[in-house]
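The values are calculated or read from the model by the stated rules, or taken from the named source; none is laboratory data. Every value quoted in this text rests on a predicted model; they were computed, and no experiment measured them. Virtual Cβ from ideal backbone geometry, glycine too; neighbours counted across all protein chains shown.
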Amino acid sequence: MFIRLFLTSVLLLVSVFLQADTLKPFTSDGCSAFPDGTIDQKSLWLTCCQQHDFDYWQGGTYQQRLVSDKGLNACVTEVGEPTVAALMLAGVRVGGTPYLPTSFRWGYGWSYPRFYGALSIEELAQVTKLSVNLHFNR
């Protein structure tokens, strides 16, 4: 009896991990727990954060996350805020890990847990379908 229950449990767990995941529609909370701009220019680097959120929504490999984080740093630097960019980079490197079930983790558009890894062709098709009308102006 115990062995049958154990094997059934294992099969259920395996089937959950083998099922294809469905990407949720893109959402952005701007710069998460950080201001979207300065007191005078309230959305100065908001588009930088929205592009960064798009990258985080779809997830992917560790290298893709590193490129995205460096892109956020470069974008905020380009709007004239290199000190803010450095602070943001430190924050996203620590807080954006895919290992915590946060709403702003790497790969947040997929069900948790979703760790580092290249997206499959089917997953990339979902990203394309859900991002057709998205535009981020820098």
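Residues Leu124, Leu100, Leu119: which one is surrounded by fewer than 16 Cβ atoms within 10 Å (Cβ to Cβ) and either touching a Pro at 6+ places or on another chain (Cβ under 9 Å) or closer than 16 Å to Lys24 by Cα (or both)?
Of the residues listed, the single one that is surrounded by fewer than 16 Cβ atoms within 10 Å (Cβ to Cβ) and either touching a Pro at 6+ places or on another chain (Cβ under 9 Å) or closer than 16 Å to Lys24 by Cα (or both) is Leu124.
Name the single residue, out of those in the stretch 9-50 being at pLDDT 50 or above and among the β-branched types (Val, Ile, Thr), that is farthest from Glu78 (Cα to Cα).
Top of the filtered list is Thr22.
Among the residues of the stretch 74-90, count how many are farther than 17 Å from Thr38 by Cβ and buried (at least 19 other Cβ atoms within 10 Å of the Cβ).
0
Give me the helices (runs of 4 or more DSSP H) completely within the stretch 21-138, filtered to those with at least 3 residues that are free of Cβ contacts under 8 Å to residues at least 40 places away in the same chain and within 12 Å of the chain's Cα centre (by Cα), ordered by residue number.
Here the list reads 62-78.
How about the stretch 39-63: which of its residues are surrounded by fewer than 17 Cβ atoms within 10 Å (Cβ to Cβ) and closer than 23 Å to Pro101 by Cα?
Across the stretch 39-63, the qualifying residues are Thr61, Tyr62, Gln63.
Can we say Val92 is touching an Asp or Glu at 6+ places or on another chain (Cβ under 9 Å), of a type in the set (A, V, I, L, M) and under 19 Å from Thr27 (Cβ atoms)?
So Val92 fits the description; yes.
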